[in-house]
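The values are calculated or read from the model by the stated rules, or taken from the named source; none is laboratory data. Treat the numbers as computed from the prediction; the structure is a model and nothing was measured. Methodologically, a virtual Cβ is constructed for each residue, glycine included, from the backbone with ideal geometry; neighbour enumeration extends over all protein chains shown.
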């Protein structure tokens, strides 16, 4: 079987015959089916099923799944873009076969949001499909969903993205009355994003029995997916599986989940049962099982890892195992949060496409995995949500527009474009452009870059600074109190104006690449004006920046807002602040991705290394030392005594602060694009104190690039590989630039 997701397929004649079918009473789940009556006895040349849903669906023919995809059709801006999937079902179709679809709530009807937003796209769920059968003679037959399809109850009861799923194996199907639902066919679009699939199975590392009612399973890895369980017991017996990322004592720490119940319930049939709740997902390392009939063995329970189909492209290793674990934590965080769209977290009552998290992480994401398709699809949603709202919303798809006034009463005053979060319209395409060099997709993303800037520029003050309106600033600065994540040391106007300059600079570059010289001149002019205003108003006579915090120096230096002499002075002050902090991180979402870059590119390599190698809180390796297997939302999501941080936002799987891995890949190991898509490669390894060796590999569109270094007596040996068809510039710490053609190299240099 083949799941066709790599090319557009929708034509005017496809899905025009189908009607969307639901059932009366708004059941939580149901099965729609029909039996095929073929028009011809001749051989079938090709059979293709086109399908989508308001909800989630799984299709089987004579009981066999037609695809390994789960949670189809995924989550897009449903009111504007509903993706339609295509499946090659030639091998399944025969006379009299039963085509059936199991329909659940998915993201369409799961009371999404937080703080009692409880957002559904509609009260009903429904399915629409069209089977196209091409015979050897060229004759074509269509079988489409309509009122003739029958419906019955399923073994799936309540199902929710946040709260979990009920599966009752003791039930048999009972007839339901079908209804036809009218919907806007103009929302149907070709599949763009890759499918969500099962990727790995993780087995328990321990099962403990804290009392006679509970089994606590430790899977050893914080992951996203569900528990698959085999059991046999008395018919009607109920097994309850609850999930959490950490334990407090011998109990699940569920407070960080907020209102999400993250609970699956399995009802036994009396025979051998296999339970797999595929209409939900959980973020968890630990599972608590109650109601299991007898002992629970590791052979009968496993965790299934679920995420969007992405090919791993980047790897990093070094002599410090804690750093290696940090990198793997970033990889696991990306897998868990790239489940059809890039989310903030996968476990609590949120799991939304927060734009700011991805804005700072996109470059890291594009090194670790091939994210070209999943992020392109998300950016198409961002574009339509921007067009509707007039600015880039905090989350894409934009759930907030569906929230009631009562639910939004504490948020209405902050709605509007904000630095970093809204800058995702530019920073994510920027990361994709440098990673893949796809000019056609850059052209598709450029209108959103423009739309974002047009929404911001009216909010710029007469001084040329973006210092008006709400800003998240350096969100979750570690010095901020747990209940006040906005209380950053950094002036939000400094942060916002620096971000505006970066976005304007990329807009000018994109316009040039796309043959829009007038646009390019406009963006360069506004960028120059912004840079001048930044220096005039935020750069003080003694060379310090307003608020004198690590984050403001990191952004000003890395984004290029300062002249060379000013940058050197700012980097020296940043290094001084890092030393004064005891080499502890003092940045939140805004500054964390760039602080090590700002240091190392201006000669403060030791300070950058010592900052990354710090193991006391706050630091990247504090979480690793505390047993983290993903990136935490807060530097101290888990306190030193093993208790959970009291802050309301305390996720143990939030990739944003893991953006430091971009520096590990591109500065420590030294693999960077010199031209978009790595047609030309910039190699610049940066050895530093505390590591004996480091190396990285990257699968580019032109082949595999490797670069690294190792200490050898008084020298350092650089090892690198350049793929066929590419050329690299190797920059050494002595200021040399060596041009390398395809091949493998070992180059010895003095320390």
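Go through region 219-258 residue by residue and tally those that are within 14 Å of residue 169 (Cα to Cα) and either crowded, with 21+ Cβ neighbours inside 10 Å or modelled with pLDDT under 95 (or both).
The number of residues fulfilling the criteria is 3.
Restricting region 668-715 to residues that are farther than 28 Å from residue 589 by Cα and either part of a loop (DSSP other than H, G, I, E, B) or in the same structural domain as residue 357 (by TED's automatic domain parsing) (or both), which is nearest to the chain's Cα centre (by Cα)?
Restricting to residues being farther than 28 Å from residue 589 by Cα and either part of a loop (DSSP other than H, G, I, E, B) or in the same structural domain as residue 357 (by TED's automatic domain parsing) (or both), the top hit is 701.
On the given criteria, is residue 707 out of contact with any helix residue (DSSP H, G or I) (no Cβ under 9 Å at 6 or more places or on another chain) and at pLDDT below 95?
Answer is no for this residue.
Specify the residue that is nearest to residue 316 (Cα to Cα); the eligible residues are those in region 362-394 that are under 17 Å from the mean Cα position of the chain (by Cα) and not in a helix (DSSP H, G or I). Before you say what the answer is, go through the steps one by one.
If we filter region 362-394 for residues that are under 17 Å from the mean Cα position of the chain (by Cα), which is where we start, we get 362-382, 393-394.
Next, from what is left, pick out any that are not in a helix (DSSP H, G or I): 369-371, 393-394.
Working: 369: 13, 370: 16, 371: 18, 393: 34, 394: 32 Å.
Across region 362-394, the extreme among qualifying residues is 369.
Tell me, please, whether a residue that is within 16 Å of residue 55 (Cα to Cα), modelled with pLDDT of 95 or more and either outside the structural domain of residue 269 (by TED's automatic domain parsing) or crowded, with 17+ Cβ neighbours inside 10 Å (or both) can be found in region 165-172.
We begin by selecting, within region 165-172, every residue within 16 Å of residue 55 (Cα to Cα); these are 165.
In the following step, the residues that additionally are modelled with pLDDT of 95 or more were identified as 165.
Within this subset, residues satisfying the condition of being either outside the structural domain of residue 269 (by TED's automatic domain parsing) or crowded, with 17+ Cβ neighbours inside 10 Å (or both) are 165.
Checking region 165-172: at least one residue is within 16 Å of residue 55 (Cα to Cα), modelled with pLDDT of 95 or more and either outside the structural domain of residue 269 (by TED's automatic domain parsing) or crowded, with 17+ Cβ neighbours inside 10 Å (or both).
Among (1) under 13 Å from residue 602 (Cα atoms); (2) crowded, with 16+ Cβ neighbours inside 10 Å, where does residue 565 come up short?
Condition (2) is where residue 565 drops out.
Here are 369, 338: which of them is buried (at least 24 other Cβ atoms within 10 Å of the Cβ) and in contact with a helix residue (DSSP H, G or I) (Cβ under 9 Å, 6 or more places away or on another chain)?
Every option except 338 fails the conditions.
Is it the case that residue 73 is within 23 Å of the chain's Cα centre (by Cα) and assigned by TED's automatic domain parsing to the domain that holds residue 181?
yes
Can you name every residue in region 477-506 that is in a loop (DSSP other than H, G, I, E, B) and either crowded, with 24+ Cβ neighbours inside 10 Å or touching a strand residue (DSSP E or B) at 6+ places or on another chain (Cβ under 9 Å) (or both)?
If the condition is that a residue be in a loop (DSSP other than H, G, I, E, B) and either crowded, with 24+ Cβ neighbours inside 10 Å or touching a strand residue (DSSP E or B) at 6+ places or on another chain (Cβ under 9 Å) (or both), then 477, 488, 490, 491 are the ones that fit.
Residue 303 passes all but one of (1) surrounded by fewer than 23 Cβ atoms within 10 Å (Cβ to Cβ); (2) not in a loop (DSSP other than H, G, I, E, B); which number fails?
Here residue 303 meets the rest and fails (1).
Give the residues of region 619-667 that are at positive phi and either at pLDDT below 95 or part of a helix (DSSP H, G or I) (or both), sorted by residue number.
642
Taking the condition of being within 21 Å of residue 281 (Cα to Cα) and either in contact (Cβ under 8 Å) with a residue 40 or more places away in the chain or over 29 Å from the mean Cα position of the chain (by Cα) (or both), how many residues in region 230-250 meet it?
Here is the first cut: in region 230-250, the residues within 21 Å of residue 281 (Cα to Cα) are 230-231, 238-247.
Right, trim to either in contact (Cβ under 8 Å) with a residue 40 or more places away in the chain or over 29 Å from the mean Cα position of the chain (by Cα) (or both) and you get 230-231, 238-246.
So the count comes out to 11.
Can you tell me which condition residue 612 does not meet? The list is (1) outside any helix (DSSP H, G or I); (2) closer than 21 Å to residue 665 by Cβ; (3) in contact (Cβ under 8 Å) with a residue 60 or more places away in the chain, and all the others hold.
(1)
Quick check: is even one residue across region 652-662 farther than 21 Å from residue 558 by Cα, in contact (Cβ under 8 Å) with a residue 60 or more places away in the chain and surrounded by fewer than 23 Cβ atoms within 10 Å (Cβ to Cβ)?
no
Using beta carbons and a limit of 6 Å, which pairs, at least six apart or on different chains, have the first residue in region 65-79 and closer than 24 Å to residue 90 by Cβ and the second one assigned to a loop (DSSP other than H, G, I, E, B) and at pLDDT 95 or above?
Note: pairs meeting the criteria are 66/89; 69/195; 70/278.
Only one of 419, 480, 412, 406 is closer than 29 Å to residue 528 by Cβ and either in contact with a helix residue (DSSP H, G or I) (Cβ under 9 Å, 6 or more places away or on another chain) or assigned by TED's automatic domain parsing to the domain that holds residue 662 (or both); which?
Checking each option against the conditions leaves just 419.
Would you mind listing the strands (runs of 3 or more DSSP E) fully within region 103-153 where at least 3 residues are in contact with a strand residue (DSSP E or B) (Cβ under 7 Å, 6 or more places away or on another chain), more than 15 Å from residue 180 (Cα to Cα) and at pLDDT 95 or above?
Strands (runs of 3 or more DSSP E) meeting the threshold: 126-135, 140-144.
Go through region 197-233 residue by residue and tally those that are part of a strand (DSSP E or B) and over 29 Å from residue 326 (Cβ atoms). Explain how you work it out, then say what you get.
The first filter runs over region 197-233 and keeps only residues part of a strand (DSSP E or B), leaving 197-202, 206-208, 214-232.
Among the residues that remain, those that are also over 29 Å from residue 326 (Cβ atoms) are: 214-215, 228-232.
Looking only at that region, the number is 7.
Check region 76-93 and report whether any residue there is buried (at least 20 other Cβ atoms within 10 Å of the Cβ) and out of contact with any strand residue (DSSP E or B) (no Cβ under 8 Å at 6 or more places or on another chain).
Yes, that holds for at least one residue.
Take residue 588 and decide whether it is outside any helix (DSSP H, G or I), in contact (Cβ under 8 Å) with a residue 60 or more places away in the chain and out of contact with any strand residue (DSSP E or B) (no Cβ under 8 Å at 6 or more places or on another chain). Steps first, answer last, please.
Details: outside any helix (DSSP H, G or I): yes; in contact (Cβ under 8 Å) with a residue 60 or more places away in the chain: yes; out of contact with any strand residue (DSSP E or B) (no Cβ under 8 Å at 6 or more places or on another chain): yes.
In short, yes.
What number of residues within region 378-412 satisfy the criterion of being under 17 Å from residue 423 (Cβ atoms) and free of Cβ contacts under 8 Å to residues at least 60 places away in the same chain?
Residues flagged as under 17 Å from residue 423 (Cβ atoms) and free of Cβ contacts under 8 Å to residues at least 60 places away in the same chain within region 378-412 amount to 4.
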